[in-house]
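A.B. asks: For reference, the structure I am asking about is given below.
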Amino acid sequence: MLSDASRSSCAGHCAIPATARYVHRVFSLLLELAVRDGRLASNPANGVRLPRAQRSEKRFLSHQQVRELADAAGPHGTVVLTLAYCGLRWGELAALRVSRLDLMRRRLTVAEAVTEVRGHLTWGTPKSHQHRSVPVPRFLVDDLVVLVAGKAPTDLVFTTTSGAVLRNLNFRRDVFDQAAVGAGLGGLTPHELRHTAASLAVSAGANVKSVQRMLGHASAVMTLDVYSGLFDDDLDGVAERLDVARAIAPVSPACHQATVLPITQSETGP
């Protein structure tokens, strides 16, 4: 049985449910190719019971924490701010080119991503395979203007101090991890700034569709699935805003006051 083989091959390595599911997925794809080639009658990976993936608790930073982390990152503070307020994936940020910044409109276009596999960089489309336009907060524009000054349209916006592509592991070792500790946020990862972007957007009043478009999720259902807690919390904010709106709304009188006419002596009689 494939499930038995999978368990034996994963012994000591697939204790994490997500890892077991990933290994199964790889095996399943290989076996599916064998079915298409006529080497197998069916895919034995189909129907295998898999452990349920366990989601780790997400960490969302406040505006103040983001500011302190950016300050601790020194010359790379703009990287922190862009991740935390635009919600880019690491590969999207590292592949962002100057030509895809429209700072007059305060927008950036995500059209490319770069990943590192065993030390080699692979360039391609974003995870969703679709371009998207992401809003840039006004306070971030000046920092980006300084960052791209003198660069050609095809140059990368974010690079190392020597002009090389930003690699996630190197950036964490050289900059991010130390900055996180310095800001009192030890253990933080760059990807958690993407979660922070979602949290800050929701707290600013963004609806699920806006957050989906900003993050590049395939559907609003995915956004709700990943960040359902944020929108549950926002329900309290909705109620509070309704209270405020009702309190300041003008109140119309229940009925118009009748005009009182004076009664003359002739109308009252002798």
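Laboratory data are not the source of any read-out in this text; all were calculated from the coordinates shown. Fair warning: this is a prediction, and the values are worked out from it, not measured in the lab. Here the Cβ is made from the backbone with ideal geometry for all residues, glycine too, and neighbour counts use every protein chain on show.
A.B. asks: Give me MET222, MET214, MET104 sorted ascending by neighbouring Cβ count inside 10 Å, so fewest comes first.
C.D. replies: MET104, MET222, MET214
A.B. asks: Moving on to the next point. How long is region 90-211 along each principal axis, judged by its Cα atoms, biggest number first, in Å?
C.D. replies: 37, 37, 30
A.B. asks: On a full-extension model of 0.36 nm per residue, what is the gain between LEU242 and HIS63, subtracting their alpha-carbon distance, rounded to one decimal in nm? Spell out each step's value before the answer.
C.D. replies: Numbers: separation 179, 0.36 × 179 = 64.44 nm, distance 2.50 nm.
Stretched fully, the LEU242-HIS63 segment lengthens by 61.9 nm.
A.B. asks: For GLN130 and GLU116, calculate 0.36 nm times their separation in residues minus their Cα-Cα distance, and state this gained length in nm to one decimal. Could the numbers behind the result be given before it?
C.D. replies: Details: separation 14, 0.36 × 14 = 5.04 nm, distance 2.02 nm.
Here the segment from GLN130 to GLU116 would lengthen by 3.0 nm.
A.B. asks: What does the highest-first list of 109-116, 41-48, 224-231 look like by mean Cβ count within 10 Å? It would help to have the intermediate numbers written out before the result.
C.D. replies: Values: 109-116: 19.0, 41-48: 13.5, 224-231: 16.2.
Those peptides, ordered most packed to least, come out 109-116, 224-231, 41-48.
A.B. asks: By per-residue mean of other Cβ atoms within 10 Å, what is the highest-first order of 149-155, 190-196? Don't skip to the end; give the middle numbers.
C.D. replies: Details: 149-155: 9.9, 190-196: 20.9.
Descending packing order for the listed peptides: 190-196, 149-155.
A.B. asks: While we're looking at this one, here's another question. Among TRP123, TRP90, which comes first, then next, by fewest other beta-carbon atoms within 10 Å? Kindly include the intermediate steps, with their values, before the conclusion.
C.D. replies: Working: TRP123 12, TRP90 23.
Result, fewest neighbours first: TRP123, TRP90.
A.B. asks: I've got another one for you. Show me the three semi-axes of the equivalent ellipsoid for region 177-251, from the C-alpha gyration tensor (sqrt of 5 times each eigenvalue), largest first, rounded to whole Å.
C.D. replies: Numbers: eigenvalues 180, 64, 17 Å².
Largest first, region 177-251 gives 30, 18, 9 Å.
A.B. asks: Between SER42 and THR160, 0.36 nm times their residue separation minus their Cα-Cα distance comes to what? Don't skip to the answer; put the middle values down first.
C.D. replies: Details: separation 118, 0.36 × 118 = 42.48 nm, distance 4.92 nm.
Contour length minus the Cα-Cα distance gives 37.6 nm.
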